[in-house]
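K.L.:
One structure coming up, written as structure tokens, with questions to follow.
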Amino acid sequence: MKKAFSILALGVAPALALTAGQHAWGHGTPEHGHSASAVAGAPSSVGQPGDPANTTRTIELTMDDTMRFTPSEIQVKAGETVRFSVKNAGKIPHEMVIGSLAELQAHAAEMRKTPQMQHAEPNMVALAAGQAGSLVWQFGQAGAVDFACLIPGHMEAGMVGKVRVD
């Protein structure tokens, strides 16, 4: 009996390891269109994951089934660390993913090809209907940073926003 359990454990353990840390809407690797530097936490043109202890303010953001973010335009200062308090007011899943427009478009294309892929990166929050969550992000240099819902069809329907960094 012990030998059968050991063989079973050897077969199941790798499968469990592959699924650990993933959730229902995405994937766990940066190779699907996200900037490797943004995902890994290194500074990039869109910023980097922020330290929750250093947040300067909280911005409330709502996602809904009209495929819109409210607000869809946000102003921050270069170097500012912001907590986004995100609520899915819709009846279907939505997510907020921060990145460059090119990164977001590439990831959206990947999501259309593989809608069941799972992801859980520091530059995103995915929420089921009625859920709330948060995302802490430090914005680096002045310019524009984009965000979008990358669930297939949502970005294409206009579920995008922009952060203006002064």
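K.L.:
If you check F84 against the conditions, is it under 13 Å from G158 (Cα atoms) and assigned to a strand (DSSP E or B)?
P.N.:
In short, no.
K.L.:
Moving on. State which residue pairs qualify: first residue over 21 Å from G130 (Cβ atoms) and touching a residue at least 40 places away in the same chain (Cβ under 8 Å) and inside segment 71-87, second residue among the hydroxyl-bearing types (S, T, Y) and part of a strand (DSSP E or B) in any location, beta carbons under 8 Å apart, and separation of 6 or more residues or different chains.
P.N.:
V82/T58
K.L.:
Of the numbered conditions (1) of a type in the set (A, V, I, L, M, F, W, C); (2) within 20 Å of E73 (Cβ to Cβ); (3) touching a residue at least 24 places away in the same chain (Cβ under 8 Å); (4) not in a loop (DSSP other than H, G, I, E, B), M111 satisfies every one except a single condition; which is it?
P.N.:
Every condition holds for M111 apart from (2).
K.L.:
Let me ask another. Looking at segment 114-152, which of its residues are closer than 15 Å to G90 by Cα and either in a loop (DSSP other than H, G, I, E, B) or in contact with a Lys or Arg (Cβ under 6 Å, 6 or more places away or on another chain) (or both)?
P.N.:
Once the filter is applied, which keeps residues that are closer than 15 Å to G90 by Cα and either in a loop (DSSP other than H, G, I, E, B) or in contact with a Lys or Arg (Cβ under 6 Å, 6 or more places away or on another chain) (or both), segment 114-152 yields A128, A129, G130, Q131, A132, C149, I151.
K.L.:
What is the residue count in segment 136-165 for residues that are at pLDDT 95 or above and either farther than 18 Å from L101 by Cβ or in contact with a Pro (Cβ under 8 Å, 6 or more places away or on another chain) (or both)?
P.N.:
So the count comes out to 4.
K.L.:
Which of the residues that make up segment 125-134 are within 16 Å of T58 (Cα to Cα) and surrounded by 18 or more Cβ atoms within 10 Å (Cβ to Cβ)?
P.N.:
Matches in segment 125-134: V125 only.
K.L.:
When segment 135-151 is examined, which residues are found to be free of Cβ contacts under 8 Å to residues at least 60 places away in the same chain and exposed (fewer than 14 other Cβ atoms within 10 Å of the Cβ)?
P.N.:
A144
K.L.:
Just to be sure before I move on: is E156 touching a residue at least 12 places away in the same chain (Cβ under 8 Å), farther than 22 Å from P52 by Cα and surrounded by fewer than 18 Cβ atoms within 10 Å (Cβ to Cβ) in the structure I sent?
P.N.:
yes
The values are calculated or read from the model by the stated rules, or taken from the named source; none is laboratory data. Model, not experiment: these values are computed from the prediction. Note: ideal-geometry Cβ built from the backbone for every residue, glycine included; neighbour counts use all protein chains shown.
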